[in-house]
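**Student:** Quick one: structure below, then a few questions.
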Amino acid sequence: MGTGNHSCGTDFTLVGLFQYGHMDTFLFTIITLLFAVALMGNITLVHLIRLDRILHTPMYFLLSQLSIIDMMYISTTVSKMAVNFLSDTKTISFLGCAIQTFLFLTLGGSEALLLGFMSYDRYIAICQPLHYPVLMSRKICCSIVTSTWSRSSITALMHIIYLFQLPFCESKIINHFFCEIPSLLPLVCEDTSQYEHTVLMSGLVILLLPFLAILASYARVLVVVFQMDSGKGQSRAVSTCSSHLTVASLFYVTTLCTYTQPHTLHSPGRDKVVAVIYSIVTPVLNPFIYSLRNKEVMGALKRQMG
């Protein structure tokens, strides 16, 4: 394969979820509804946490940050996808593709790290309640949020700088509905096996380690809870842990499937379905899983509605 021009003036073509035109209207309607639900759910949750004093705790501060990330996360992919659904051209500029990839990696990495810190918050609250005000002070919470954004953005920037200086082939058709590393690697005209090892290591550090920390934290939480005599406390803890684990598993398992495989094993059709789960479905579900099963959030909603 010959090396193509990969300057900033080069456009890529996004195939989209399906390659058949008659599906565009139906898909656009579904994606738009999901996007609207995600925005309304996350905006409502952030607004409630800001207004209600009962929710001014470290747990809900981190939850508000997760909602902000989810709103930006889903907007990164859906906004361009919606434009493509409504237009005859499916192109995205070289610079636009690089920016989209950077934002997606930054926001995805931030969510992965933040979910891990949220499990740490629950572990401290239940297993070490006397130390909770010290270990989860406002200063520490702000440091947690700052570290998640800085680490994920630095990692994303390193990947973008390296990936987008590689030579892309003449065919610049991305068989995906947005720009991300696994969908771009097949277009590179040189051996990317060494770089794929770097992507694998990044995925293990940013995705697998927080996921293992979440499993370990909630396992310890459940052990402590079932040693208590309070049946009400046990049921509440199990409900909280199960909802958090549902969100975490949905997000981590799908992203790990995408970012820890060599591109030769990827299937475009399967990758699109998996990407819909972690880039669209998860931001839609997060505010409802964390709020509908939470009496404090529902109580705050009722108070704000008078």
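**Student:** Using all C-alpha to C-alpha distances in the chain, build P(r) with 10 Å bins and read off the rounded percent in each one.
**Tutor:** 6, 25, 32, 21, 11, 4, 0
**Student:** Along the positive direction of the dipole of the stretch 154-306 (beta-carbon charges: Lys, Arg +1; Asp, Glu -1; about the Cα centre), which of SER202, HIS159, HIS244 reaches farthest?
**Tutor:** HIS244
**Student:** Taking the Cα centre of the chain as the origin and placing charges on Cβ (Lys, Arg +1; Asp, Glu -1), which of GLY109, GLY16, ALA38 is farthest toward the positive end of the dipole?
**Tutor:** ALA38
**Student:** Ordering CYS97, CYS189 by how much accessible area each has at a 1.4 Å probe, largest first, what is the list?
**Tutor:** Sorted descending by solvent-accessible area, the residues read CYS189, CYS97.
**Student:** Then there is this: What number, rounded to the nearest 500 deg cm²/dmol, is the helix-based mean residue ellipticity at 222 nm of the chain, given -39500 (n - 2.57) per DSSP H run of at least four residues and division by all its residues? Mind showing how you got there, number by number?
**Tutor:** On the way: 12 runs with 213 residues, N = 306.
Roughly -23500 deg cm²/dmol at 222 nm, from the helical runs in the chain.
**Student:** Placing +1 at every Lys and Arg Cβ and -1 at every Asp and Glu Cβ, with all other atoms neutral, what dipole size does the stretch 123-211 have around its Cα centre, in debye to the nearest 20?
**Tutor:** Here the size comes out at about 620 debye.
**Student:** So, one more: Give the angle, between 0 and 90 degrees and rounded to the nearest 10, that separates the Cα long axis of helix 94-127 from the longest principal axis of the Cα atoms of the chain.
**Tutor:** Between helix and principal axis, roughly 20 degrees.
**Student:** Something else: Taking the Kirkwood radius as the inverse of the mean 1/r across Cα pairs, report the Rg/Rh of the stretch 114-240.
**Tutor:** 1.16
**Student:** Please work out the C-alpha center-to-center distance from the stretch 169-220 to the stretch 45-68 and express it in whole Å.
**Tutor:** Between the Cα centre of the stretch 169-220 and that of the stretch 45-68, the gap is 31 Å.
**Student:** Kindly sort LEU209, LEU51, LEU45, LEU86 by accessible area of their heavy atoms, largest first, with the probe set to 1.4 Å. Walk me through the intermediate numbers first.
**Tutor:** Values: LEU209 100, LEU51 70, LEU45 5, LEU86 125 Å².
Result of the area sort, largest leading: LEU86, LEU209, LEU51, LEU45.
**Student:** May I ask for the equivalent-ellipsoid semi-axes of the stretch 176-306, computed as the square root of five times each C-alpha gyration tensor eigenvalue and listed largest first in whole Å?
**Tutor:** Gyration-tensor ellipsoid for the stretch 176-306: 37, 19, 10 Å.
**Student:** Further, regarding this structure: If you roll a 1.4 Å probe over the heavy atoms of the protein chains, what accessible area per residue do you get for the chain, in Å²? Could the numbers behind the result be given before it?
**Tutor:** Numbers: 14650 Å² over 306 residues.
In whole numbers, the chain has 48 Å² accessible per residue.
**Student:** Still on this structure: Less than 19 Å apart at the alpha-carbon level, and either on another chain or at least 8 residues along: which lysines does that give for LYS272?
**Tutor:** The reachable lysines, counting only those whose Cα sits under 19 Å from LYS272, are LYS80, LYS90, LYS172.
**Student:** Something else about it: Could you tell me how many degrees, from 0 to 90 and to the nearest 10, lie between the Cα long axis of helix 24-51 and the main elongation axis, the longest principal axis, of the Cα atoms of the chain?
**Tutor:** 30 degrees
**Student:** Name the lysines eligible as straight-distance cross-link partners of LYS295: C-alpha to C-alpha under 18 Å, and not fewer than 8 places from it in the same chain.
**Tutor:** LYS232
**Student:** Ratio of Rg to Rh for the stretch 27-71, alpha carbon only, Kirkwood?
**Tutor:** Computed over Cα atoms, the ratio is 1.12.
**Student:** I need the calculated FRET efficiency for the pair SER143 and VAL205, taking r as the beta carbon distance and R₀ as 25 Å, to the nearest 0.05. Could you put the intermediate results ahead of the total?
**Tutor:** On the way: r = 19 Å, r/R0 = 0.77.
Approximately 0.85, to the nearest 0.05.
**Student:** Follow-up question, since we're still on this one. Ignoring ligands, DNA and RNA, what percent of the 1.4 Å accessible area of the chain is carbon and sulfur?
**Tutor:** It is 68 percent, rounded to a whole number.
**Student:** Can you give me the angle between helix 193-203 and the longest principal axis of the chain, using Cα atoms only, in degrees from 0 to 90, rounded to the nearest 10?
**Tutor:** 20 degrees
**Student:** Could you rank LEU62, LEU215 by how accessible they are, 1.4 Å probe, largest area first?
**Tutor:** Ranked from most to least accessible, the order is LEU215, LEU62.
The values are calculated or read from the model by the stated rules, or taken from the named source; none is laboratory data. Since the model is a prediction, treat every value here as computed from it, not as a measurement. Neighbour counts run over all protein chains shown; Cβ positions are idealised from the backbone, glycine included. To get the accessible areas, we keep the full protein, side chains included, count just its heavy atoms, and leave off ligands, DNA and RNA. Shrake-Rupley method; radii C 1.70, N 1.55, O 1.52, S 1.80 Å.
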